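Here's the structure we're looking at; comments come further down.
The values are calculated or read from the model by the stated rules, or taken from the named source; none is laboratory data. Since this is a predicted model, take the numbers as computed values, not measurements. Cβ placement follows ideal geometry from the backbone for every residue including glycine, while neighbour counts extend to all protein chains displayed. In case anyone asks, the SASA skips ligands and DNA or RNA and just uses the protein heavy atoms, side chains included. Shrake-Rupley method; radii C 1.70, N 1.55, O 1.52, S 1.80 Å.
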Amino acid sequence: MKKVLTIAGSDSSGGAGIQADLKAFSAHGVFGMSVITAVTAQNTQGVFAVQDIDVAVIDKQIEAIFDDITVDAVKIGMVSRTETIKAIANGLKKYNAQNIVVDPVMISKSGYYLLQPEAVEALISYLLPLASVVTPNIPEAEEISGLKIHSLKDMEEAAKFIHQLGPKYVLLKGGHREDDATDILFDGESYQHLSTPRIATQNTHGTGCTLSAAIAANLARGYSAQEAVSKGKEYIHTAIEHSFAIGKGVGPVHHFYNLYKGAGMLNDE
Ligand SMILES: Nc1ncnc2c1ncn2[C@@H]1O[C@H](COP(=O)(O)OP(=O)(O)OP(=O)(O)O)[C@@H](O)[C@H]1O
Ligand SMILES: Cc1ncc(CO)c(N)n1
């Protein structure tokens, strides 16, 4: 079985972060492992507190995994602060980790800073060069590139800018625009538009985490970056189609729709 690591923050409500990643890994038939960078107290309505994990403990989690187990792909999500970013970059370089997907998580849907503003530079200089695929949403791409994004053409320009910062592929996600959910994949030469109709739902908690975890799982399974991304896009689309309301706010996507469909359970939730 392929083994995939998520390096990310914990979401107590289970819709995003480490919890989303492990669910996506299971649904892809890969073995999920985790390095927890921060613990958040959050739910469908917002983020209420964050406790960063000591850098020494982050180092030890990375060491414990890589000293013992072969890691086929790594997904990086919430990294919180500069020291954490440096520890992750050093650890991944030390063990020559491959198939790294960086989701440059910055601000939660509810507006909470999951990456300290002063750590954006460190994310750019330490993590982007290690990435096989980086998956910014529109506000993150604007922050990284300094460009304003309105149109698909603007997305292409920003993807091109981000590509020269070092990642092999840039997947700029269009979830924050208004029409179809169009993401743009740039490999340094050509742009591929991946488009699905927009689903009318407010339950999109953890969409970005889920997509990047699915891409990492697909890379571990041996798919090319292009295939890993287009399969990931199909996965997130169906997971949003089957998303559901828990709590009073933005509900989570559904990772196990295939299993439930097979068992005739989708309507019993
Ligand atoms: N309502 C929707 N219908 C269909 N696809 C969507 C919808 N919202 C987002 N997507 C898709 O979901 C994926 C994640 O995109 P999005 O831009 O929402 O990520 P994100 O903002 O990083 O998510 P998060 O808030 O979890 O950080 C993309 O492929 C995007 O096109
Ligand atoms: C822990 C965590 N990571 C990522 C996100 C994505 O927005 C979130 N809400 N929480």
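Observations, loosely collected:
- Each peptide in 97-103, 25-31, 207-213, 232-238 receives the mean, over its residues, of other Cβ atoms within 10 Å, and ordering these scores from highest gives 207-213, 97-103, 232-238, 25-31.
- Cα gyration tensor, segment 11-122 - rounded (a/c under 1.5), prolate or oblate: oblate
- Proximal aspartates and glutamates relative to K160, as straight alpha-carbon distance under 19 Å, when same-chain residues fewer than 8 apart are discounted: D103, E121, E140, E142, E143, D183, D187, E189
- Mean shadow area of segment 178-221 over all directions, Cα convex hull, nm²: 4.2 nm²
- C-alpha center-to-center spacing [segment 9-55, segment 115-155] in angstrom: 21 Å
- The length gained by stretching the chain between E234 and E157 to full extension, at 0.36 nm per residue less their Cα-Cα distance, is 25.3 nm.
- In range of the label at Q202: residues from segment 43-75 whose backbone nitrogen is under 19 Å from the point 7 Å along Cα→Cβ: 43-48
- Taking a Cβ cut-off of under 15 Å around D179, the surrounding Lys, Arg, Asp and Glu residues balance to a net charge of 0, with basic ones at +1 and acidic ones at -1.
- Convex hull of the chain built on C-alpha atoms - directionally averaged projected area, nm²: 13.2 nm²
- With R₀ fixed at 25 Å, the C-beta to C-beta distance from A64 to Q226 puts the FRET efficiency at about 0.15.
- Alpha-carbon gyration tensor eigenvalues x 5, square-rooted, for segment 1-46, Å: 21, 12, 5
- Computed E for N96/Q192 - FRET, C-beta separation, R0 41 angstrom, nearest 0.05: 0.90
- Carbon and sulfur %, accessible surface of the chain computed with the full protein complex present, 1.4 Å: 51 percent
- Among 81-88, 49-56, the order from most to least packed when residues are scored by Cβ within 10 Å on average: 81-88, 49-56
- Euclidean distance of C-alpha centroids, segment 69-91 and segment 237-269, integer Å: 30 Å
- Simple label model, 7 Å out from Cα along Cβ direction - M1 to D179, nm: 4.4 nm
- Computed Kirkwood radius, in angstrom, where 1/r is averaged over Cα pairs of segment 121-240: 14.3 Å
- Note on segment 93-175: Cα-only Rg and Dmax are 12.5, 40 Å.
- Rounded to the nearest 20, the size of the Cβ-charge dipole of the chain about its Cα centre is 320 debye, with Lys and Arg at +1 and Asp and Glu at -1.
- With a threshold of 25 Å on the Cα-Cα distance, the over-threshold entries among K60/K231; K109/K148; K86/K153; K86/K168 are K60/K231; K86/K153.
- Whole-number accessible area per residue in Å² for the chain, which is evaluated in the context of all protein chains at 1.4 Å: 44 Å²
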